[in-house]
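These notes are about the structure you will find just below.
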Amino acid sequence: MSKIFILSLVSVICVMGCKENSTTSGSEQKSEKAQEAQRYAEELGLEYVEPNVETIITYEEVNAAQQAWCDALVEIGRLYDTDGDYREYTEKVLKDAYNFENGKVFFKPTLAHGPQTFRTTKEGAMAYFIGGNDKYADDSGFALKPWVEARYENVGSDDYGIQIYGSTAITMGNVWVTDKEGNTVMVDKTFVFKKTEDDKIRIIVHKSALPFEPNL
């Protein structure tokens, strides 16, 4: 048997062994992350987390993301009202708070109708918040009221209004927005958040509507 054949055989065996070890190592690492996430889910008392999830969103992260959304809405209006660069800031909000840069976002704003009721692009979302887009001629800019205060409250007590499924979380409740004259509007709000690869919490579903008031 030639030396070249023996060396080639040894090389193949080595490559196969190294590949197998690498795969095993990756599987072990994945398993460890899943076990750690499962322990964390148990500590939080989560009821809906499926097995083998590797990433857990916390209640604190979800609440912080909701408050950040409220604060951003007010800040857009403040910048607009003081001749600040509200467009650049809105772009940053849509990049940081929503998942448009990484995947799909379903955005159903409060005051939208007809073919433009549902928005799936960043352009459509930006038009709703600040207007100025001929493609969305009915959008005057919801955030430009301006609103001077915004707060949220999820349904139920404590964190009942938040469901966590691992790297995704769902919230349902209300948002109150107040203008300069002290007028307050309440909207029904459902968000779905996802923890992305850069460890940030971003919105993948935004559903908003005015409460139904039947004619009595």
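Worth a mention:
- Where E36 falls short, out of the listed (1) surrounded by 11 or more Cβ atoms within 10 Å (Cβ to Cβ); (2) at pLDDT 90 or above: (2)
- The residues on offer are A127, A97, A169, A137, and the sole one that is more than 30 Å from E43 (Cβ to Cβ), surrounded by 14 or more Cβ atoms within 10 Å (Cβ to Cβ) and among the small types (G, A, S) is A127.
- Residue within region 93-106 that is at pLDDT 85 or above and more than 16 Å from the chain's Cα centre (by Cα) present: no
- A125 being touching a Lys or Arg at 6+ places or on another chain (Cβ under 7 Å), assigned by TED's automatic domain parsing to the domain that holds K95, on the phi < 0 side of the Ramachandran plot and not in a loop (DSSP other than H, G, I, E, B): yes
- Scope region 173-203; condition over 20 Å from F142 (Cβ atoms), touching a Lys or Arg at 6+ places or on another chain (Cβ under 8 Å) and either loosely packed, with under 15 Cβ neighbours inside 10 Å or not charged (D, E, K, R) (or both); matching residues: F193, T196, I201
- Residue match in region 144-163 (condition: among the acidic types (D, E), over 30 Å from I56 (Cα atoms) and in a loop (DSSP other than H, G, I, E, B)): no
- Residues located in region 192-216, provided they are more than 12 Å from N99 (Cα to Cα) and touching a residue at least 60 places away in the same chain (Cβ under 8 Å): K207, S208, A209, L210
- The residues on offer are T171, T184, T121, and the sole one that is among the polar types (S, T, N, Q), within 27 Å of E61 (Cα to Cα) and under 14 Å from the mean Cα position of the chain (by Cα) is T171.
The values are calculated or read from the model by the stated rules, or taken from the named source; none is laboratory data. This structure is a prediction, so every number in the text was calculated from the model and none was measured. Note that we place each Cβ from the backbone using ideal geometry, even for glycine, and neighbour counts take in every protein chain shown.
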